[in-house]
1. Pairs, please: C-beta under 6 Å, at least 6 apart or cross-chain, first residue more than 11 Å from residue 361 (Cα to Cα) and in region 317-341, second part of a loop (DSSP other than H, G, I, E, B) and modelled with pLDDT under 80?
2. Here are some conditions: (1) at pLDDT 85 or above; (2) within 22 Å of residue 15 (Cα to Cα). Residue 89 meets all but one. Which one does it not meet?
3. In region 59-79, what residues are modelled with pLDDT under 90 and surrounded by fewer than 17 Cβ atoms within 10 Å (Cβ to Cβ)?
Amino acid sequence: MGLFDKLKGELIDIIEWIDSSSDTMVYRFERQGNEIKNGAQLTVRESQVAVFINEGEIADVFPPGRYELTTQNLPLLTTIKGWKYGFNSPFKAEVYFLNTKKFTNMKWGTPNVFYIRDADFGRVSLRAFGTYTMKVTDPVKFIKEVSGTDGEFTTDEISSELRSMMVTRFIDAIGESKLALLDFAQNYKDLSEFCQSKLGEEFAEYGLEITKFLISSISLPDELQKKLDEGTGMNMLGDMNKYSQMKGADAMEKAAGNTGGGGGGMENMMGMAMMQQMMNQNQNQNTNQQNTNQQNTNNPPPPPPTNQYFVSVNGQQTGPFDMNVLQQMIGQGQLTKESFVWKQGMQGWLAAGQVPDVATLFGATPPPPPPPQ
């Protein structure tokens, strides 16, 4: 190989980048010490920009198109180089291609649970996940602030910092929204748009634009989710009074477990309590139906409701129970004269044997049968 061929081989006359990846944001053109000759061809494809850097300074930026590199197309670089005698000599400069397409389906999520104070459920721990879309809008700022001299900069190298920003803004948005926990799902769109607007300025500091921010899910603690699912099955979702009764039943079960025995009797009591609640619900439905029928057929009004008492079991309030259920509890030994009861209108809890309505039930309940002979 002659000297001319060797020198010719060291000069680069075609500069281009064909991106075969899906996550490369910046690519430095590999010249390996070779020089770019005068009149070289630069090809910048759609969704790309080319940035020339000379001795650490950004000299020129080329948008999509095809260019012949001459003094007319490199005015800044020519001024920096100080070529007073034309542009016939080859030159050395770093060329960075930046990908300006949208990077889609980027993931974000809370690495740990965060807490909110909800009016219905109190202090609740949550986790959230979603996606976002971004693009490079200011290549000069992105090189200066983010990628630097990295020869191949990918989305993974900045995604961690961006996720931290998004999680912070998302938690702020949840706090400012004052939304009830059960209203989150129907407000995903508004929350997403609010977060995107808040993140716009912070992304711009990196030469980026966040074009889309989406919330995929806000997950509840497993225990609370289970309770809500149970409430849905019982047609209780949204009725916090009934939800509180279900929590009271859980407390009864735990209290029974702490007494060291009698679990079967407690399960029976809970079963009767649930049955009583269903009977009360049916009674209310029947009462409403009877009132409706009365307007059409002049039927007599329904009978007045019977007395209903609450019963204290291991320091936990249970009930309310009507007189029939109380008599069943007495027969099973779950309610004694020493058990404390209360109903609306009473000043405080009293022993069952001191309440006339309840005391009469003890005489109406037969004693247990004698042992077999």
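1. Hits for this filter: 322/306.
2. For residue 89, the exception is condition (1).
3. 68, 70, 71, 72, 73, 75, 76, 79
The values are calculated or read from the model by the stated rules, or taken from the named source; none is laboratory data. This structure is a prediction, so every number in the text was calculated from the model and none was measured. As a convention, Cβ positions derive from the backbone with ideal geometry for all residues, glycine included, and neighbour counts pool all protein chains shown.
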